[in-house]
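Asker: The structure that follows is given in the form of structure tokens.
The values are calculated or read from the model by the stated rules, or taken from the named source; none is laboratory data. Values in this document were obtained by computation on a predicted structure and should not be read as measured data. When we count neighbours, we look across all protein chains shown, and the Cβ atoms used for this are built from the backbone with ideal geometry, even at glycine. Surface areas here come from the heavy atoms of the whole protein model, side chains and all, with no ligands, DNA or RNA. Shrake-Rupley method; radii C 1.70, N 1.55, O 1.52, S 1.80 Å.
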Amino acid sequence: MSDYQTYRLVLKPKSGLSTPLQADTIWGHLASYLAISGHEYLKDFLQSYKDGTPAVIFSDGLPALADEDGVFEQFYPKPLYPTSAELLDKLKDMNRDKLKKIKKTNWIKEDDYISLCKGDFSGLSFLKDDDKEPFKILTETTMKNAVPRWGNEDTEIYPLEETYLQPVGVELKSNEFLGWTIFFKVRADFENQLKQPLGNFLKHGYGKKKGVGKGQFEITLLPLQEDLIPEVKDANAFMSLSTYVPDADDPIDGYWQTFTKYGKLGEAGVANLPSNDPSAERNLFKSPITMLTPGAVFKLNEKMKDYYGVADLNTDQRVRNEREYTHPALAYVIGYKVFE
């Protein structure tokens with residue numbers, strides 16, 4: 001039996017996002033909230049990652065159609081392992097438009113996920129001519145002036161990207177909305193302590209420029225319904241729903257894509273820097289981290305664990321020089337079926 005209880009946050013957007021909803025950044029917001037709120041169990045919370053027994057494991061933000069009662073249609077990253085040799089032969093018979101659609105599709109429904117696990121391309125709804133994606137993820141870029149902080153008179157112009165979810169091909173009722181779901185697992189012995197913070201830590205906004213109205217949501221904390229996790233019979237692999245970094249002992253036979261993340265300290269981290277003196281060197285940045293994108297699939301030779309990835313990237317001081325700094329890069333995983 002798992003030592004973790006599963007929940008989900010349902011986020012109804014009230015503004016655009018300037019920072020992607022990535023698992024490690026979401027975790028950083030929770031840690032900052034605990035630090036700024038003065039919660040007495042912050043030390044135990046952080047130590048759980050140093051000990052390799054993480055208190056909470058987050059997914060990235062996943063698009064969802066929802067209403068006041070919760071999610072009624074959930075979307076998942078397209079697995080990066082879609083085909084076996086047999087399925088590749090089937091793909092040869094597909095026309096070019098459908099092959100392009102497979103390549104361009106980033107988010108899939110639960111039924112499509114199950115079809116891929118069964119090796120059944122004929123069952124994929126997004127390949128049907130009459131199927132329309134119910135949303136688009138739009139990115140807009142505006143140019144902003146950087147205001148000097150430390151007395152320098154020169155200003156700079158920089159681009160600010162904002163991401164929005166836009167309904168397409170679907171008419172939403174008055175009580176329905178297109179939003180984000182964050183799945184998470186909380187260790188049973190932390191559940192009572194963290195339930196209140198987990199329901200509130202994003203209510204003041206998320207990510208870049210939240211102080212001027214970006215990354216704002218209405219948030220609902222709910223137990224994770226079992227029917228929101230695709231049931232895969234005879235799973236022999238897992239798929240990650242998170243941006244994460246594999247641990248040295250994690251499976252290596254799989255399919256993945258990488259990117260490099262250039263992170264910055266959150267509010268609590270900035271407050272704990274050695275000096276607020278403008279003349280002092282204030283390095284707000286973390287070391288670049290090469291991470292895997294959601295949708296990574298790895299084959300298993302044993303029972304699937306509750307999570308994979310590195311519980312604390314800073315154990316060897318790979319992210320910040322401060323020894324006490326903590327940065328987990330963990331994967332919330334669901335079962336997958338790979339055909340040999």
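Asker: How much space per residue, in cubic angstrom, does the convex hull of the C-alpha atoms of region 280-339 take up? All intermediate terms of the calculation are to be shown ahead of the outcome.
Answerer: Details: hull volume 6.6 nm³, N = 60.
Measuring per residue, one finds 110 Å³ for the Cα hull of region 280-339.
Asker: Using the Cβ atoms and a cut-off under 13 Å, what net charge is assigned to the surroundings of Ser287, where Lys and Arg are +1 and Asp and Glu are -1?
Answerer: Values: positive: Lys261, Lys264, Lys286, Arg318, Arg320; negative: Asp316, Glu322.
Summing Lys and Arg as +1 and Asp and Glu as -1 gives +3.
Asker: Kindly sort Arg320, Arg96, Arg187 by accessible area of their heavy atoms, largest first, with the probe set to 1.4 Å. Provide the component values of the computation, followed by the final result.
Answerer: Details: Arg320 15, Arg96 180, Arg187 40 Å².
Output order, biggest surface exposure first: Arg96, Arg187, Arg320.
Asker: Still on this structure, I have one more. For region 173-263, with the dipole built from +1 on Lys and Arg beta-carbon atoms and -1 on Asp and Glu ones, taken about the Cα centre, which of Phe201, Gln257, Met239 lies farthest toward the positive end?
Answerer: Phe201
Asker: Got a sec? What order do Lys100, Lys185 fall in by accessible area at 1.4 Å, biggest, i.e. largest, first?
Answerer: Working: Lys100 105, Lys185 20 Å².
Sorted descending by solvent-accessible area, the residues read Lys100, Lys185.
Asker: List, in order, the whole-Hz ³J(HN,Hα) value for each residue of region 60-77 obtained from phi through the Karplus relation with A = 6.51, B = -1.76, C = 1.60 and θ = phi - 60°; use x for Gly and Pro.
Answerer: Working through the residues one at a time gives 6, x, 10, x, 7, 8, 9, 9, 5, 8, x, 7, 10, 8, 9, 10, 10, x Hz.
Asker: Could you tell me how far the Cα centroid of region 34-82 sits from the Cα centroid of region 294-336, in Å?
Answerer: Value for the Cα centre distance between the two parts: 13 Å.
Asker: Still on this structure: Over all directions, how big on average is the projection of the convex hull of the alpha-carbon atoms in region 19-77, in square nanometres? Display every interim value, and only then the final one.
Answerer: Details: hull surface 23.2 nm².
Across all orientations, region 19-77 yields a mean hull projection of 5.8 nm².
Asker: Which whole-Hz ³J(HN,Hα) couplings does region 96-110 yield from phi under the Karplus relation 6.51 cos²θ - 1.76 cosθ + 1.60, θ = phi - 60°, glycine and proline marked x?
Answerer: Taking θ as phi minus 60°, the curve returns 4, 4, 6, 5, 5, 5, 4, 5, 7, 6, 9, 10, 10, 7, 4 Hz for region 96-110.
Asker: May I pose another question? How do Glu68, Glu302 stack up against each other in accessible area, from largest to smallest, with a 1.4 angstrom probe? Don't skip to the end; give the middle numbers.
Answerer: Details: Glu68 150, Glu302 125 Å².
From most accessible down to least: Glu68, Glu302.
Asker: Still on this structure: Hey, what do the phi angles of region 34-49 turn into as Karplus ³J(HN,Hα) couplings, whole Hz, using 6.51/-1.76/1.60 and θ = phi - 60°, x for Gly and Pro?
Answerer: Calculated HN-Hα couplings, in order: 5, 5, 5, 7, x, 5, 5, 9, 4, 4, 5, 4, 5, 5, 4, 7 Hz.
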